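The values are calculated or read from the model by the stated rules, or taken from the named source; none is laboratory data. No experiment lies behind these values; they were computed from the predicted model shown. So basically every Cβ, Gly included, is an ideal-geometry build from the backbone, and we count neighbours across all protein chains shown. For the accessible areas, the whole protein counts, side chains as well, though only heavy atoms, and no ligand, DNA or RNA atoms are used. Shrake-Rupley method; radii C 1.70, N 1.55, O 1.52, S 1.80 Å.
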Amino acid sequence: MKAILLIILPLALGAAIEKQEAEFDIPPAEPKSRFAMLDDVRILANGLLQLGHGLKDFVHKTKGQINEIFYKLNVFDKSFDDLSEQTNEIREKEEELKETTSRLQLNNEELKNMSRQIHQQIESLLQDKTRLQGKVSVLEEKLGQITDHGSPEGSNLKEVTSLKNFVEQQEMNIRRLLKVVQEQHSQLDHQNWQIKDLEDKLISAGFQENTKISPSAGQHTPNLKAYRPRNTTDSATEESDAARDCNDVYNRGERTSGIYTVTPNGTAGFEVYCELTPDNAWTVIQRRVDGSVDFNQTWQEYANGFGDLTGEFWLGLEKIHSLTRQADYILHIELQDWKDNKRYAEYTFTLGGHDTGYALRVSQVAGNLPSALPERTPLGFSTSDQDGRDVTCPMESSSGGWWNATCGGTNLNAKYMKPRSKAKPERRRGHGLYWKPEKGRTYSLRSTKIMLYRTDLEPFD
């Protein structure tokens with residue numbers, strides 16, 4: 001209406017002015033005809049009608065724009081409310097995860113302290129065992145002398161029997177403590193993996209903790225390790241610059257993961273990759289991350305080793321054998337699938353030499369992954385040009401050297417393949433890194449890492 005008034009008012013004023021001018025300046029004219037006045041009225045009415053239609057269209061258009069603005073505002077308000085609710089839920093979950101992480105870290109420290117105490121007790125028992133073995137040796141000499149001169153006296157025989165029973169009892173105690181230590185290690189591993197999973201959840205929610213459980217080596221994902229007792233009795237190794245393995249490198253004071261030279265059993269030195277953490281020292285013998293190295297190599301290459309120690313590599317069967325001949329080791333296998341889930345398995349093991357085809361015999365002691373290696377069964381090493389199994393397998397299923405009892409199944413040295421959802425099973429046979437337990441599902445893997453850790457416990461016999 002205001003717009004109409006603004007348009008009509010100037011017209012009316014202009015007409016009034018023209019009328020006054022006409023009255024003063026122009027002599028009186030003859031009156032216009034009645035029909036001329038009606039034409040002017042029609043023209044004015046037509047203009048006003050067109051103006052009304054334009055204003056009506058403008059009002060409808062403005063009303064539609066206002067309704068659209070109100071709709072968008074309502075959508076924005078709803079989205080903002082949903083976002084606020086999700087943010088509150090994330091914060092509540094973050095607090096819960098932080099509390100759980102704190103509790104698990106406290107439990108982890110308690111278990112570490114218990115493991116240290118048990119290790120000290122084991123060392124004390126080992127020292128007692130050494131002293132008792134010395135006494136037994138002296139008694140054996142006395143028995144030999146008594147046997148040469150006649151039958152032993154009753155008191156000496158009684159003393160020997162008593163000492164023998166005491167030694168056997170001590171050995172049983174040591175074995176029982178070792179079992180307790182293994183259980184503690186399993187609990188620590190479980191706690192560490194729980195903490196890692198919780199930290200991953202926190203990071204995915206946008207909250208990252210300042211403290212980290214373990215350092216990463218190069219470009220690889222950090223991996224948690226179970227706590228292992230340090231060697232505090234091998235003073236000869238600490239004083240020498242020649243390291244037998246990465247444990248000796250750790251005992252020298254090194255704490256940075258990288259390439260170091262080791263000389264197991266005084267043999268010619270060779271380079272290994274040591275993954276060092278505040279608590280552990282691992283000798284890495286295999287790593288797969290991106291398929292940059294071809295693992296479909298000959299028997300000789302697998303015996304000598306190949307690849308890049310800072311990336312993908314296989315250390316070599318002969319080097320691995322020279323390491324395992326000098327002490328007892330734990331075999332630690334870390335796996336990561338294409339959904340970034342991380343699992344591991346640990347074994348006690350023995351590895352034969354070249355004359356046995358580098359036969360492997362394992363027994364699982366820890367881990368959160370079902371074993372895919374037949375336990376307590378000698379597994380011959382096989383390559384595409386030399387099969388160590390009792391059966392003949394197609395070459396496509398023998399890609400890459402591995403310890404297999406039958407064709408197919410687990411092979412962490414197979415051809416590296418990224419998963420394809422539409423790939424036919426027969427086309428993927430023998431391709432990709434797979435971990436296939438006897439009972440359970442098959443794991444398709446993105447990366448693998450195999451490492452050794454020296455237990456620092458001498459054999460009983």
Self-check item: Mean accessible surface per residue for the stretch 255-382, computed with a 1.4 Å probe while every protein chain stays in place, in Å²
Solution: 39
Exercise. Quick one: grab the alpha carbon gyration tensor of the stretch 288-357, order the square roots of its eigenvalues as a ≥ b ≥ c, and give me rounded if a/c is under 1.5, else prolate or oblate depending on whether a/b is larger than b/c.
Key: oblate
Quiz item: Using a Förster distance of 30 Å, how high is the FRET efficiency between Asp294 and Glu123, based on the Cβ-Cβ distance and rounded to 0.05?
Solution: 0.05
Quiz item: Ignoring any ligand, DNA or RNA, what whole percent of the accessible area of the stretch 54-148 comes from carbon and sulfur when the probe is 1.4 angstrom?
Solution: 54
Quiz prompt | Spin-label pair Thr348/His53, simplified geometry with 7 Å Cα→Cβ offset, distance in nm | solution = 10.0
Quiz item: Which pairs in the list Lys112/Lys342; Lys98/Lys439; Lys98/Lys342; Lys98/Lys418; Lys112/Lys439 are over 30 Å apart, alpha-carbon to alpha-carbon?
Solution: Lys98/Lys439; Lys98/Lys418; Lys112/Lys439
Self-check item: Whole-Hz couplings from phi, Karplus 6.51/-1.76/1.60, listed for the stretch 263-270; x for Gly and Pro
Solution: 10, x, 6, x, 6, 4, x, 8
Exercise. Scan around Asp279 for amide H atoms under 5 Å from its own, H built in the peptide plane at 1.01 Å from N, and keep only partners 5 or more places away or cross-chain.
Key: none
Self-check item: Two-site FRET efficiency, Gln105 against Ser384, from Cβ-Cβ distance with R₀ of 45 Å, rounded to 0.05
Solution: 0.45
Quiz prompt | Per-residue ³J(HN,Hα) for the stretch 99-105, Karplus 6.51 cos²θ - 1.76 cosθ + 1.60, θ = phi - 60°, Hz, x for Gly and Pro | solution = 5, 5, 4, 4, 5, 5, 5
Quiz item: Amide H of Met417: which non-local residues (sequence gap of 5 or more, or other chain) have their own amide H closer than 5 Å, using H built in the peptide plane?
Solution: Gly432, Leu433
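For a 23 Å ceiling on Cα separation, which of these pairs sit above it: Lys415/Lys436; Lys129/Lys319; Lys319/Lys339; Lys78/Lys339; Lys339/Lys436?
On the way: Lys415/Lys436 16 Å; Lys129/Lys319 32 Å; Lys319/Lys339 33 Å; Lys78/Lys339 33 Å; Lys339/Lys436 17 Å.
As for pairs spanning more than 23 Å Cα to Cα, those are Lys129/Lys319; Lys319/Lys339; Lys78/Lys339.
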Practice problem: Along Cα→Cβ, 7 Å out, is where each label goes; now give me the distance between the ones at Glu94 and Val365 in nm to one decimal. | Solution: 4.1
Exercise. With 5 Å bins from zero, work out the P(r) of the stretch 260-381 over every alpha carbon pair and list the percent per bin.
Key: 2, 10, 17, 23, 24, 17, 6, 1, 0
Quiz item: Roughly how many Å² of Lys98 are accessible to a 1.4 Å probe, to the nearest 10?
Solution: 80
Quiz item: What residues qualify as long-range amide H neighbours of Leu369, i.e. H under 5 Å apart, gap of 5 or more or another chain, H built at 1.01 Å from N?
Solution: Tyr344
